Amino acid sequence: MEISELIDNFEFLDGWEDKYRYIIELGEKLSPLAAEFHTEEWKVRGCQSQVWLVPQIQDGKISFSGDSDAMIVKGLIAIVLMIYNHKSPTEIKSIAVDDIFAKLGLEEHLSPSRRNGLISMTEKIKHYAEVL
């Protein structure tokens, strides 16, 4: 799914109860992350829930797999992966993710701890873009 489609879907939904349900559905569609990656090495620091992000690089593009122990956070991972998957390190570093989050309304409708977790995820992805 493209980001523009995701933004359109969010705009179509009436209230935040429906949007949270949609975020959970996105998380349910994530491919399972193998148990071998549920380790400290792949854990994202700064998230209240447990979050793991694993990068893979192929043909100069980085893709990520992710998982969480919380349903809404797993949906937020799905959104983050839609934004960053299959991009070059240069593309990843140039994405104005705050603008995308603002269009989705995530800034004002997530709890402070979830917002911090979202920021931690994007920082971890940008870190991988620097070192891979």
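Farthest toward the positive end of the dipole of the chain, out of L26, V80, I3, is the Cα of V80, where the dipole comes from beta carbon charges about the Cα centre. For the chain, the longest principal axis of the Cα atoms and the long axis of helix 112-131 meet at an angle of about 30 degrees. This ranking places R21, R45 by how few other beta-carbon atoms lie within 10 Å of each, fewest first, which gives R45, R21.
Between D67 and W52, the built amide H atoms are under 5 Å apart, and every one of these is 5 or more places off in sequence or on another chain. Take the Cβ atoms of R21 and A102, set R0 to 25 Å, and the FRET efficiency comes out at 0.75.
Per 0.36 nm of contour for each residue apart, how much would the distance between K93 and H109 grow if the chain were fully extended, relative to their Cα-Cα spacing? Numbers along the way, then the final one.
Working: separation 16, 0.36 × 16 = 5.76 nm, distance 2.52 nm.
Here the segment from K93 to H109 would lengthen by 3.2 nm.
At 37 °C and 0.692 mPa s, grab the translational diffusion coefficient of the chain from Stokes-Einstein with a Kirkwood Rh over Cα pairs, rounded to a whole number in µm² per second.
220
Here, each number is a calculation from the coordinates, and none is a lab measurement. The model shown is predicted, which means the values in this text are computed figures rather than measured ones. Using ideal geometry, Cβ is built from the backbone for each residue, glycine included, and neighbour counts are taken over all protein chains shown.
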